[in-house]
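Participant: The structure's right below; bear with me while I get my questions together.
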Protein chains: 2
Amino acid sequence: MNPLVSDAFVDFLLSDVLDVEGLCALPAFSAHGKETIGPWLAACRRVAREVLFPSYRAMDEQPPRFEHGRVTVHPKMHAAWKELVELGVIVAGRPPEVGGQQLPLTVATLSTAYLMAANLSAYGYAGLTTGAAHLIEAFGSADLKAMWLEKLYSGQWTGTMALTEPQAGSSLADVTTRARPTDAGHFLISGAKIFISAGDHDLTENLVHLVLARIDGAPPGTKGISLFAVPRLRPAAKGLQANDVQVTGVIHKIGWRGLPSLALAFGEEGDCRGWLVGTPNQGLRCMFQMMNEARIMVGVNAAATASVAYHEALAYARERKQGRPLGVTDPTTPPVPLVQHPDVRRMLLRQKAIVEGSLALLGVTARYSDLSEHATDEETRRRSKLLLDLLTPVAKTFPAERGFEANALALQVHGGYGYSSEYLPEAWLRDQKLNSIHEGTTTIQGLDLLGRKVVAGGGAALLALQAEVQADAARARAAGLDVAPLARALETLLTLTATLGARGAGGDLEGMLGHSADFMDLTSTVVLGWIWTKLAATVAHRRDDFAQGLLAAWRYWSVTELPRVPALAALCESAERSYLDLRDEWL
Amino acid sequence: MNPLVSDAFVDFLLSDVLDVEGLCALPAFSAHGKETIGPWLAACRRVAREVLFPSYRAMDEQPPRFEHGRVTVHPKMHAAWKELVELGVIVAGRPPEVGGQQLPLTVATLSTAYLMAANLSAYGYAGLTTGAAHLIEAFGSADLKAMWLEKLYSGQWTGTMALTEPQAGSSLADVTTRARPTDAGHFLISGAKIFISAGDHDLTENLVHLVLARIDGAPPGTKGISLFAVPRLRPAAKGLQANDVQVTGVIHKIGWRGLPSLALAFGEEGDCRGWLVGTPNQGLRCMFQMMNEARIMVGVNAAATASVAYHEALAYARERKQGRPLGVTDPTTPPVPLVQHPDVRRMLLRQKAIVEGSLALLGVTARYSDLSEHATDEETRRRSKLLLDLLTPVAKTFPAERGFEANALALQVHGGYGYSSEYLPEAWLRDQKLNSIHEGTTTIQGLDLLGRKVVAGGGAALLALQAEVQADAARARAAGLDVAPLARALETLLTLTATLGARGAGGDLEGMLGHSADFMDLTSTVVLGWIWTKLAATVAHRRDDFAQGLLAAWRYWSVTELPRVPALAALCESAERSYLDLRDEWL
């Protein structure tokens, strides 16, 4: 049975690396400790392994049906939803005032990884509901909260995020959905949205869309966008009535196939009511306050999707016997398990380095999120926020991009069988590909990292990162590990950033940002070098198998990936112009 | 309309780079010249664009059905088969004695790219038939040829390659299918094969499997394997009768979905007749004489699959307007086409560098194949064979591995739409993944390259390559291009190979081969650096758009990829042991 995510690794992260005990000493998390977190993890693991995972393939094979204007989900999803609601995962991270248990994000991040690894579509309905409810909780009026918050957090209804429009794509400045004020307090919404996940279904009696729209007369661009709560059915004298939200099409996604992605039309009959969330024209700002968390969750999804495939490949490589060791030519000797072939071990260790490195990075990033909000001293909050903002694009992108590579390796380890849908790796490969696209494409993350995060406040975030890296490197050095490659790579990153930042400050945007993709690759490589050093330093004194595995992955990363940094830095620094100068007609 | 492959590029390759005119001056190809090759290319392009491509998606969506023991292909495949047969593609590369026109492989390679880019499954039936017939032509007895050759080459029947067995996978030494001699001249075959492409269908009245099996009493391992022709229906007094070959299952492949992949049982009722092809126990040797060509064809498939996706992404990036240029913040300015964003241009130029670099490498490799067989002087034949053998694993693996990356980039350029099956890039991404698996996995190619090809004959092949690279580098230098990065990379490759070869000669196989995957990456990077230099040198004097595009791709490869070589070499040279020492229980 596929463990989805390694329990030993998650337990190690929480107790030995992320100091969850320390987090639980904070007033905000004082209700928590081993006695609550242990059972929570156990419950998530049970639901993931016993409910979600067994229904994964069936949901992948039979996506939701769209008939007569409504979407019907897979029958197994109803049982899965019931369990997710009972687990309390929708509201777990929220405070007791709204029915939650204020679980640290650090814990939620890793426990959610099991649910996503088991069945990302099934968890998707819950995750989207949390996101929508959280927006209402943070920015909604008291009336709005009273109307909908409990319905959402209790799983009685679900929520969606309705940002993207067909003509605008990632460019939210070009959102054109209209909101006309009325005297009754609500707005009349009209416009088309696309790629709305869980935008309709028969799982619950109602759903609420969190919609970006433009109030009549609002300024153009992102400064004129407001946020609205738009239910599918609206409150009426007697229960609920239709709110003029129509499903106009289904997008046939290649993965996440248990979760419908829809085109929606709001107000085609002029009778779609929306309620403002937050202040007018501040919609994007509201949305972006949730963005770090949303992007971390994409990273978790990516790490989880790579994790379940890694464990599948590992089990296959241990079981499947094929070929003989290097140098053995006698065909009468028995074939050996695939895991004994060096290149198969390379593929497995590479997957482990990507999967567990990603999970650890996400845990570290989530911890900064917890501290940025709940640390008792302002300096820790400020510093943690800097690190959270800096690491978020990396924690979203690295697991998505390298996770895709890891998923391809898991398929490759399965050989010809991996190329068939009789085996599961192909499905996870399809699932994974979305993570480099949604919640900001890899291109957008690269521009965010280099154009904003590393240069903001005079590079304050990078200096904070430097201190973190140096502290872990010192621990590792003290434990006898060679951290010279990491130290060099970090130095390179700092120097390069100063150079590029100065270029941008001087007005040369192309010279600064032209190689943002390479800069993201470089930064991710260094950050993962740090993360692996942090893990290695923690187990360097141990001789057990678990520790040896982590030390092997650390060594692999240090010698295989960190040496890529100088060439990447030279590329960014040179502002090499092959594609910058490229003209369309040359292609 | 997607051009599938760039006509301008193919024409340029054939006339300016591969010197097809020179090839046609050889006696073997004397029937050819511009007046035959032009019409041939035009015919292939027409069938690809007008017949195969329009049926691609339908065949992907409705794979062949398996019912009552027989396989029924998509209705559109019947029309496609007729056109492929009329085109004469099955026999085009064979000599007039067997009905062919002895087209140089150099030309066939590039013309086939159109057919594969259009609909790889449809072409697959033809390509497999050529392969099977070619084996009979090369090794079959006069009787055997008389029985089957014309049927196959004329497309009246089709052929398959039946090598893989469920328990053995890539390890052909472990083939267990039995062949019992009879007094009647034929053998009785019994055993199970898997992943047999086009192993059954209703396209033609009969098919012939080329089967690897072990004659009773044969030695174990690869030295005891023989090759047999095993028809589905065998000649009988009155026409054809069943030959006890059963379809036992269909593998649900994730790509190439128009071409069925089957599990077959031979001789379940003890009545399956096979006819020996070649001498007993020489079956693998026969098969491997076709291996260079088969692997080149996988490379062509990979390049073609990346090509069609690249052209789709390019058209989309030109048409789709989204976002604004770097630094433009005024939301009232109109959105620009995606192709204007630097990072989109990076993704496009990277695809171009991979696609066109692969096509050129395949053309160059095919040319060595032509010369190795048909050059008039023995020295050219010998030297060309060395280069052919050396380049084949690279020409198979680079397009497969980097082509997959290119296909992922084509999807990424399409954003959220790319993640849906309303658009085509996702289908090509699925198709592409097979190419790193079949005809020898990437692992096997790496071991072949480092363990055999670069060290054979005291490194003779690598010395021949060095001379080729230096000649093109000299041309490029004379044209004013900077070839220092290529010269350094080549030097590194030569030194490294000497070091690793010496290690292997000393008995340290792990020290030599432990990083065969990195060595393949390194060698491919250098080889592509050479190929791009060859192309750049050829157009360096020109100022037109086409030439500028090639020069941009050359520059991109020189500054982005060649600088990766030193770190890869250090890795191979260090024989870094993170995964070599890794123990299963550490994972």
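Participant: Of these, A:Ile196, A:Ile251, A:Ile215, which one is farther than 21 Å from B:Ser420 by Cβ, open to solvent by less than 30 Å² (accessible area, probe 1.4 Å) and out of contact with any His (no Cβ under 6 Å at 6 or more places or on another chain)? Lay out the reasoning, then the answer.
Facilitator: Numbers: A:Ile196 fails: farther than 21 Å from B:Ser420 by Cβ; A:Ile251 fails: farther than 21 Å from B:Ser420 by Cβ.
Among A:Ile196, A:Ile251, A:Ile215, only A:Ile215 is farther than 21 Å from B:Ser420 by Cβ, open to solvent by less than 30 Å² (accessible area, probe 1.4 Å) and out of contact with any His (no Cβ under 6 Å at 6 or more places or on another chain).
Participant: Tally the residues that are within 14 Å of another protein chain (Cβ to nearest Cβ), more than 26 Å from the chain's Cα centre (by Cα) and not aliphatic (A, V, I, L, M), restricting the search to segment B:193-226.
Facilitator: 6
Participant: Please name all residue pairs, on different chains or six or more residues apart, with Cβ atoms under 8 Å, provided the first residue is in segment B:353-372 and is within 11 Å of B:Leu105 (Cβ to Cβ) and the second residue is at pLDDT below 95.
Facilitator: Within 8 Å, the pairs are B:Ser369/B:Asn292; B:Ser369/B:Glu293.
Participant: Among residues belonging to segment A:424-443 that are crowded, with 24+ Cβ neighbours inside 10 Å and in contact with an Asp or Glu (Cβ under 9 Å, 6 or more places away or on another chain), point out the one that is nearest to the other protein chains (Cβ to nearest Cβ).
Facilitator: A:Thr443
Participant: Hey, does segment B:561-573 have a residue that's closer than 30 Å to A:Pro337 by Cβ, among the hydrophobic types (A, V, I, L, M, F, W, C) and touching a Pro at 6+ places or on another chain (Cβ under 6 Å)?
Facilitator: Of segment B:561-573, the ones closer than 30 Å to A:Pro337 by Cβ are B:568, B:571-573.
Then drop every residue that is not among the hydrophobic types (A, V, I, L, M, F, W, C), which leaves B:568, B:571-572.
Okay, now just the ones that are also touching a Pro at 6+ places or on another chain (Cβ under 6 Å), so none.
No, the conditions are met nowhere in segment B:561-573.
Participant: Between a residue in segment A:444-466 that is away from chain B (no Cβ under 12 Å) and any residue that is open to solvent by 10 Å² or more (accessible area, probe 1.4 Å) and of a type in the set (D, E, K, R), which pairs come within a Cβ distance under 7 Å, given they are 6 or more apart or on different chains?
Facilitator: Between residues of segment A:444-466 that are away from chain B (no Cβ under 12 Å) and residues that are open to solvent by 10 Å² or more (accessible area, probe 1.4 Å) and of a type in the set (D, E, K, R), the close pairs are A:Lys453/A:Asp389; A:Ala461/A:Asp389; A:Ala461/A:Lys453; A:Ala464/A:Arg383.
Participant: A further question on this structure: Checking the conditions here, which among A:Leu390, A:Leu411, A:Leu386, A:Leu371 is out of contact with any Asp or Glu (no Cβ under 8 Å at 6 or more places or on another chain), aliphatic (A, V, I, L, M) and open to solvent by less than 20 Å² (accessible area, probe 1.4 Å)?
Facilitator: Numbers: A:Leu411 fails: out of contact with any Asp or Glu (no Cβ under 8 Å at 6 or more places or on another chain); A:Leu386 fails: open to solvent by less than 20 Å² (accessible area, probe 1.4 Å); A:Leu371 fails: open to solvent by less than 20 Å² (accessible area, probe 1.4 Å).
None of the others qualify; the one that does is A:Leu390.
Participant: If you check B:Ala229 against the conditions, is it open to solvent by 30 Å² or more (accessible area, probe 1.4 Å) and either away from chain A (no Cβ under 14 Å) or assigned to a strand (DSSP E or B) (or both)?
Facilitator: Values: open to solvent by 30 Å² or more (accessible area, probe 1.4 Å): no; either away from chain A (no Cβ under 14 Å) or assigned to a strand (DSSP E or B) (or both): yes.
In short, no.
Participant: While we're on this one: Can you tell me which of A:Thr523, A:Thr495 is away from chain B (no Cβ under 14 Å), open to solvent by less than 40 Å² (accessible area, probe 1.4 Å) and of a type in the set (Ser, Thr, Tyr)?
Facilitator: Values: A:Thr495 fails: open to solvent by less than 40 Å² (accessible area, probe 1.4 Å).
Residue meeting the stated conditions: A:Thr523.
Participant: Mind checking which pairs have a first residue in segment B:100-126 that is in contact (Cβ under 8 Å) with a residue 24 or more places away in the chain and a second that is crowded, with 24+ Cβ neighbours inside 10 Å and acidic (Asp, Glu), Cβ under 7 Å, 6 or more apart or different chains?
Facilitator: From residues that are in contact (Cβ under 8 Å) with a residue 24 or more places away in the chain, the pairs are B:Pro104/B:Asp370; B:Leu105/B:Asp370; B:Thr106/B:Asp370; B:Leu120/B:Asp431.
Participant: Also, quick follow-up: Could you tell me which residue of segment B:149-163 is nearest to the other protein chains (Cβ to nearest Cβ), considering only residues that are buried (at least 20 other Cβ atoms within 10 Å of the Cβ) and among the hydroxyl-bearing types (Ser, Thr, Tyr)?
Facilitator: B:Thr160
Participant: Inside segment A:178-218, can you point out the residues that are more than 18 Å from A:Arg234 (Cα to Cα) and either of a type in the set (Val, Ile, Thr) or without any contact (Cβ under 8 Å) to a residue 12 or more places away in the chain (or both)?
Facilitator: Correct list: A:Ile194, A:Ile196, A:Ile215, A:Gly217.
Participant: Restricting attention to segment B:56-65, does a residue exist that is hydrophobic (A, V, I, L, M, F, W, C), more than 22 Å from the chain's Cα centre (by Cα) and not in a loop (DSSP other than H, G, I, E, B)?
Facilitator: From segment B:56-65, those hydrophobic (A, V, I, L, M, F, W, C) are B:58-59; that's our starting set.
Right, trim to more than 22 Å from the chain's Cα centre (by Cα) and you get B:58.
Going one step further and asking which of them are not in a loop (DSSP other than H, G, I, E, B), we end up with B:58.
Looking for residues that are hydrophobic (A, V, I, L, M, F, W, C), more than 22 Å from the chain's Cα centre (by Cα) and not in a loop (DSSP other than H, G, I, E, B), one finds at least one in segment B:56-65, hence yes.
Participant: Output the residue which, of all residues in segment B:174-187 that are of a type in the set (A, V, I, L, M) and crowded, with 20+ Cβ neighbours inside 10 Å, is nearest to the other protein chains (Cβ to nearest Cβ). Break it down stepwise before answering.
Facilitator: Let us first name the residues in segment B:174-187 that are of a type in the set (A, V, I, L, M), namely B:175, B:179, B:184.
Checking the rest, the ones that are also crowded, with 20+ Cβ neighbours inside 10 Å come to B:175, B:179.
Details: B:Val175: 10, B:Ala179: 17 Å.
Among those that are of a type in the set (A, V, I, L, M) and crowded, with 20+ Cβ neighbours inside 10 Å, it is B:Val175.
Participant: A further question follows. Return yes or no: is B:Arg257 touching a residue at least 24 places away in the same chain (Cβ under 8 Å) and more than 19 Å from B:Arg178 (Cα to Cα)?
Facilitator: Values: touching a residue at least 24 places away in the same chain (Cβ under 8 Å): yes; more than 19 Å from B:Arg178 (Cα to Cα): yes.
Criteria met by B:Arg257.
Participant: Looking at (1) in contact with a strand residue (DSSP E or B) (Cβ under 7 Å, 6 or more places away or on another chain); (2) assigned to a helix (DSSP H, G or I); (3) not β-branched (Val, Ile, Thr), find the lone condition where A:Met77 falls short.
Facilitator: (1)
Participant: Testing A:Leu349 on (1) out of contact with any Lys or Arg (no Cβ under 8 Å at 6 or more places or on another chain); (2) closer than 26 Å to A:Phe519 by Cβ, one condition comes back false. Which one is that?
Facilitator: (2)
Participant: Take the residues of segment A:410-421 that are part of a helix (DSSP H, G or I), more than 21 Å from the chain's Cα centre (by Cα) and of a type outside the set (Phe, Trp, Tyr): which is farthest from the other protein chains (Cβ to nearest Cβ)?
Facilitator: Initial filter on segment A:410-421 (part of a helix (DSSP H, G or I)): A:410-413, A:415-418.
Pick out the ones that are also more than 21 Å from the chain's Cα centre (by Cα) and you get A:411-413, A:415-418.
Filter once more, so that each one left must be of a type outside the set (Phe, Trp, Tyr): A:411-413, A:415-416, A:418.
Details: A:Leu411: 7, A:Gln412: 6, A:Val413: 10, A:Gly415: 6, A:Gly416: 5, A:Gly418: 7 Å.
Once the filter is applied, the top-ranked residue is A:Val413.
Participant: Anything in segment B:5-43 that is touching a residue at least 24 places away in the same chain (Cβ under 8 Å), over 24 Å from B:Ala353 (Cα atoms) and assigned to a helix (DSSP H, G or I)? List them, or say none.
Facilitator: B:Leu23, B:Cys24, B:Pro27, B:Ala28, B:Phe29, B:Thr36, B:Ile37, B:Trp40, B:Ala43
Participant: Among A:Ala122, A:Ala146, A:Ala138, which is the only one that is buried (at least 24 other Cβ atoms within 10 Å of the Cβ) and part of a helix (DSSP H, G or I)?
Facilitator: On the way: A:Ala146 fails: buried (at least 24 other Cβ atoms within 10 Å of the Cβ); A:Ala138 fails: buried (at least 24 other Cβ atoms within 10 Å of the Cβ).
Step by step, each of A:Ala122, A:Ala146, A:Ala138 is checked, and only A:Ala122 is buried (at least 24 other Cβ atoms within 10 Å of the Cβ) and part of a helix (DSSP H, G or I).
Participant: Okay, next question. Might you check whether a residue that is open to solvent by 20 Å² or more (accessible area, probe 1.4 Å), within 30 Å of A:Thr397 (Cα to Cα) and touching a residue at least 60 places away in the same chain (Cβ under 8 Å) occurs anywhere in segment A:313-329? Break it down into steps so the answer makes sense when it comes.
Facilitator: First, the residues of segment A:313-329 that are open to solvent by 20 Å² or more (accessible area, probe 1.4 Å): A:315-316, A:318-322, A:324-329.
With the extra rule that they be within 30 Å of A:Thr397 (Cα to Cα), the set shrinks to A:315-316.
Those left that are additionally touching a residue at least 60 places away in the same chain (Cβ under 8 Å): A:315-316.
Scanning segment A:313-329, I find at least one residue that is open to solvent by 20 Å² or more (accessible area, probe 1.4 Å), within 30 Å of A:Thr397 (Cα to Cα) and touching a residue at least 60 places away in the same chain (Cβ under 8 Å), so the answer is yes.
Participant: Working only within segment A:550-573, note down all residues that are open to solvent by 40 Å² or more (accessible area, probe 1.4 Å) and facing chain B (nearest Cβ under 7 Å). It would help to see each step written out before you state the result.
Facilitator: Filtering segment A:550-573 down to residues open to solvent by 40 Å² or more (accessible area, probe 1.4 Å) leaves A:555, A:559, A:563-564, A:566, A:570, A:573.
Passing the criteria: A:Arg555, A:Val559, A:Pro563, A:Arg564, A:Ala570.
Participant: From the list B:Val98, B:Val73, which one is out of contact with any Pro (no Cβ under 8 Å at 6 or more places or on another chain) and at pLDDT 95 or above? It would help to see each step written out before you state the result.
Facilitator: Working: B:Val73 fails: out of contact with any Pro (no Cβ under 8 Å at 6 or more places or on another chain).
After ruling out the rest, the residue left standing is B:Val98.
Participant: Which residues, taken from segment A:263-282, are assigned to a loop (DSSP other than H, G, I, E, B), within 14 Å of A:Ala138 (Cα to Cα) and touching a Gly at 6+ places or on another chain (Cβ under 8 Å)? Walk me through it before giving the result.
Facilitator: First, the residues of segment A:263-282 that are assigned to a loop (DSSP other than H, G, I, E, B): A:267-272, A:278-282.
If we keep only those that are within 14 Å of A:Ala138 (Cα to Cα) too, we end up with A:278-279, A:282.
Correct list: A:Gly278 only.
Participant: While we're on this one: Output the qualifying pairs, or none if there are none: Cβ atoms under 9 angstrom, residues six or more apart or on different chains, first residue in segment A:489-514 and farther than 16 Å from A:Thr525 by Cβ and of a type in the set (Asp, Glu), second residue open to solvent by less than 30 Å² (accessible area, probe 1.4 Å) and in a helix (DSSP H, G or I).
Facilitator: These pairs meet every condition: A:Glu510/B:Pro342.
The values are calculated or read from the model by the stated rules, or taken from the named source; none is laboratory data. Keep in mind that what you see is a predicted model, and the values were worked out from it rather than measured. Here Cβ is always computed from backbone atoms with ideal geometry, including for glycine, and neighbour counts include all displayed protein chains. Areas reflect the complete protein model, heavy atoms only, side chains present, ligands, DNA and RNA absent. Shrake-Rupley method; radii C 1.70, N 1.55, O 1.52, S 1.80 Å.
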